[in-house]
1. If you check Thr673 against the conditions, is it at pLDDT 90 or above, over 33 Å from the mean Cα position of the chain (by Cα) and either among the small types (Gly, Ala, Ser) or not assigned by TED's automatic domain parsing to the domain that holds Arg794 (or both)?
2. Based on this model, can you work out whether Lys310 counts as over 27 Å from Leu13 (Cβ atoms) and basic (Lys, Arg)?
3. Here's a check for you: in region 629-661, which residue that is of a type outside the set (A, V, I, L, M, F, W, C) and assigned to a helix (DSSP H, G or I) is nearest to Leu674 (Cα to Cα)?
4. Show the residue pairs that are 6+ apart or on different chains and have beta-carbon atoms under 6 Å apart, the first residue being within region 697-714 and in contact (Cβ under 8 Å) with a residue 24 or more places away in the chain, the second being β-branched (Val, Ile, Thr) and surrounded by 15 or more Cβ atoms within 10 Å (Cβ to Cβ).
5. Go through the residues of region 541-564 one by one and say whether even a single one is of a type outside the set (Lys, Arg), in a strand (DSSP E or B), at pLDDT below 85 and under 26 Å from Glu399 (Cα atoms).
6. Might you check whether a residue that is under 30 Å from Ala651 (Cα atoms), at pLDDT 65 or above and not β-branched (Val, Ile, Thr) occurs anywhere in region 581-594?
7. How about region 229-276: which of its residues are over 30 Å from Ala205 (Cβ atoms), surrounded by 15 or more Cβ atoms within 10 Å (Cβ to Cβ) and touching a Ser or Thr at 6+ places or on another chain (Cβ under 9 Å)?
Amino acid sequence: MSLDREALRQRLLASFRVEAEERLGVLADGLANWREASASSESIESLFREVHSLKGASRAAGLAPIERLCHAWESLLGVVRRGQLSLTPERVELCRHTLKAVQKLHAGHPLEEHEQAALIDSLEAAALGETVSLPETPPSTPPVALDPSTVRVSTQRLDSLLFQSEALLQHKLEAQAHVLNLKAHAAAFEPQRSKGLLSGGALKALRMGLDELPQSAHDGLKTVLDYLDWSLAQLDRLHFSATRLEKTGKHLAQGLTQLSESLFGELQAVLLLSGSSLLEGLPDMVQDLASQAGKRVELHTRGESLQVDKRILDELRTVLTHLLRNAIDHGLETPAQREQRGKAPVGRLQVELLQESADRFELRVSDDGHGIDLAHLKARAVASGLQTAEQAQALSDSEAFALIFVSGLSTSAIITDLSGRGLGMAIVLEVVERLGGRIELESTAQGTCFHLHLPLSLSTFRAVIVRNAERVFAIPALAVERCLRLPSSAMKNLENRPSVVLEGEVLPVWPLADVLGLASLEQSASELTLLVLKVRGERFALLVEALLGDQEITVKSLGRQLLRVRNLLGATVLGDGQLVPILHPADLYRSALETAGSSLSQQSQQRSAVAPQRLLIAEDSFTSRGLLKAILEGAGYQVATANDGLEAWNALKQGQFDLLVSDVEMPRLDGFTLTSRIRADRELADLPVVLVTALHSAEDRARGLEAGANAYLVKSVGDQEITVKSLGRQLLRVRNLLGATVLGDGQLVPILHPADLYRSALETAGSSLSQQSQQRSAVAPQRLLIAEDSFTSRGLLKAILEGAGYQVATANDGLEAWNALKQGQFDLLVSDVEMPRLDGFTLTSRIRADRELADLPVVLVTALHSAEDRARGLEAGANAYLVKSGFDQESLLDAIRRLI
């Protein structure tokens with residue numbers, strides 16, 4: 001075992017050397033640019049991230065001296081990045097000095113202990129704004145020599161080359177299709193040539209009788225015979241040319257095929273990594289997690305030599321981390337519990353990479369814990385509103401196991417730093433399905449095993465090509481168990497739906513055209529063409545018009561704008577140039593279930609009047625505290641305030657509150673620490689926490705969510721002649737309000753919006769928002785649900801939609817909206833994103849995972865405007881994503897009209 005660990009350590013060190021060489025080069029280039037001009041915020045951000053990544057890599061490799069230096073360096077760059085300190089020449093020189101020290105350590109030359117301590121002290125003092133004198137400059141070290149037979153190339157460059165080689169493969173397919181066309185054209189000449197040869201005798205006889213004809217007939221017939229002779233000769237020449245073109249094209253296509261496949265194969269091989277790159281860091285991680293959980297765990301791995309596409313392995317790192325964390329936190333027992341159950345005190349975890357076929361492999365993760373408690377899982381699903389008690393009771397074991405993949409559902413009663421937020425397994429399923437794979441789950445009282453079936457390469461995979469409703473589709477072969485043709489008499493109406501019986505199992509049958517919402521399938525009365533698919537442990541059959549065969553295809557992304565389109569995994573181009581959509585098996589199953597005729601229940605009763613909820617604000621800024629208090633009281637909440645984190649903690653321990661809104665950077669107790677303390681307290685652990693802060697980096701956001709915050713909002717401040725304060729991301733566009741300002745006497749004053757005032761004035765005279773909508777045809781108005789936690793924004797949306805002729809119900813947050821959707825019937829949901837209890841992203845994902853609601857149109861209206869936020873909303877399943885800052889009522893109404 002020690003030899004294995006030493007081998008793993010050496011591989012980690014080798015990986016670190018390559019990564020560090022690249023990052024140190026970036027840092028050196030960045031610092032060199034600082035000599036020429038003042039550093040830009042982008043360059044500071046870039047160097048901060050490089051140092052942060054280098055710190056993490058050195059920690060993973062067990063190189064504590066480099067990690068400690070990078071940690072102190074990161075602290076200095078962090079305060080500069082936040083604008084709390086400027087980049088003076090002394091601080092720039094200190095950064096260069098630190099770079100030389102790290103380069104020296106990387107080259108294998110250790111620093112003296114006092115030398116490293118002095119440098120760290122200088123960095124920490126500089127981060128506090130103190131003036132420091134540079135310690136003695138470490139001597140320059142020659143760069144680490146690389147093997148002359150190797151060259152370092154970025155993976156992005158390799159990905160680009162692979163993409164271009166995939167395009168070459170497409171040209172190969174087109175060339176092969178072209179050769180087939182040439183062959184068909186050459187073959188088309190053959191029947192006419194045969195007829196020409198057979199008619200040769202008849203033509204000769206006609207020529208012999210020409211002299212016996214009158215002159216007028218003689219000349220006319222001779223002209224016809226001359227033309228026929230010329231046509232037959234021309235036919236021979238064309239046939240010869242077509243045959244020669246076919247042979248030449250075939251030769252060129254073969255050469256292109258060999259060259260493209262060889263080039264593609266070589267590039268694929270370059271991007272293939274051994275499984276050890278995925279497994280090598282696991283022992284230390286597992287021991288750390290086990291130590292945190294108070295458990296003893298023994299890890300066994302297998303399959304280190306299996307070669308897998310680097311892009312797949314990169315995606316699987318997150319998957320594997322979630323699976324191992326869940327196994328340690330939820331699956332394996334403590335030593336005392338294991339001994340009580342007659343087990344060895346040390347739990348067993350096994351991670352295996354197994355090759356299934358030439359283009360597929362399995363990642364298997366198993367433990368010998370107590371397994372998944374189905375009764376507890378169903379109870380959690382009922383408690384979280386995912387299932388009613390009756391629905392949960394009726395679930396089969398496989399259907400119940402599938403609940404662990406639903407976003408927001410956790411079997412843990414508390415949130416820990418290991419797991420418990422109900423997101424991990426949903427992320428696992430999302431990643432595996434995005435990679436074109438599937439998951440199988442086995443669980444008994446003796447342990448749990450996850451089987452992840454995946455392609456070895458992302459570039460190409462085999463797909464079944466089908467035709468339906470005059471369209472051609474590709475379905476990943478990984479999800480297709482079998483293709484078959486059956487007599488139409490095999491179709492039975494079982495359990496109120498078309499079904500077939502295969503090998504003693506009743507399989508539901510859905511026409512692919514119906515699943516995709518296309519024209520009804522015209523199927524032959526004598527024969528059925530079926531594809532049997534297996535998705536998430538469930539088998540079903542798709543009825544298609546024709547099976548065109550199977551082939552290897554290259555996958556083309558639909559682009560960021562169509563990052564997640566229901567029923568579509570991507571697209572491919574066939575050899576004839578036809579663009580063909582690749583269908584998403586899991587989405588097909590969900591859509592198929594909906595065609596069974598699920599119906600929604602009637603509208604829920606109106607909410608009974610309840611006492612206003614009590615909120616606590618922790619904010620050390622007088623102005624910000626007053627602004628938040630005005631906003632929340634205006635929304636109908638009871639609000640108390642605290643001047644810093646410690647005062648907020650004491651208030652929480654002495655009073656009763658429904659939610660905490662907290663700043664992060666506060667004296668005595670910051671927001672991160674306050675949140676962590678709340679999560680560790682038995683009485684307060686479930687209290688929702690919203691952090692509202694100026695810290696906007698991804699690292700700060702991750703730190704806040706890791707501490708246990710339910711939402712993380714970034715403050716927005718605009719500078720005008722008077723200081724205008726944004727009313728917060730949730731209230732970025734509030735009717736009649738442009739913002740707020742603080743007068744000289746400290747009074748918080750709202751700034752009114754002139755255009756909104758005019759519209760409100762018209763309404764007070766009895767005008768309707770949209771009189772034209774009253775002329776709509778006499779049909780039952782469509783029913784919409786608004787999910788918005790802001791009282792003002794909710795009222796504005798309701799006025800717009802009711803003015804357009806819709807029936808509107810409202811919900812104060814995501815969870816209330818979820819309950820209303822499960823109990824009532826609506827045609828569309830308009831939802832904010834940042835809401836307490838259940839945010840808009842999670843609400844949308846939950847809707848898409850629900851059999852009854854999965855097809856409900858969802859429009860997200862939010863202040864989150866970045867490309868990443870928009871992509872996240874569409875990935876969750878939103879049909880439209882509107883940003884409040886550029887929002888107007890017509891854009892919302894246009895989106896709704898398109899969807900319903």
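1. no
2. It is false that Lys310 is over 27 Å from Leu13 (Cβ atoms) and basic (Lys, Arg).
3. Checking each candidate, the answer is Gly645.
4. Listed pairs, sorted by first residue: Ala707/Thr675; Gly708/Ile415; Gly708/Thr675; Ala709/Thr675; Ala709/Val689; Asn710/Val689; Ala711/Val690; Leu713/Val692.
5. No, that holds for no residue.
6. Scanning region 581-594 turns up no residue that is under 30 Å from Ala651 (Cα atoms), at pLDDT 65 or above and not β-branched (Val, Ile, Thr).
7. Ser260, Leu263, Phe264, Leu267, Gln268, Leu271, Leu272, Ser274, Gly275, Ser276
Yes/no matrix, rows are residues, columns are (1) in the same structural domain as Ala402 (by TED's automatic domain parsing); (2) surrounded by fewer than 23 Cβ atoms within 10 Å (Cβ to Cβ); (3) within 24 Å of Gly517 (Cβ to Cβ):
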| residue | (1), (2), (3) |
| --- | --- |
| Asp813 | no, yes, no |
| Ala820 | no, yes, no |
| Phe841 | no, no, no |
| Glu852 | no, yes, yes |
| Ala867 | no, yes, no |
| Leu882 | no, yes, no |
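The values are calculated or read from the model by the stated rules, or taken from the named source; none is laboratory data. Source: prediction; values computed, not measured. Cβ atoms come from the backbone with ideal geometry, glycine included; neighbour counts cover every protein chain shown.
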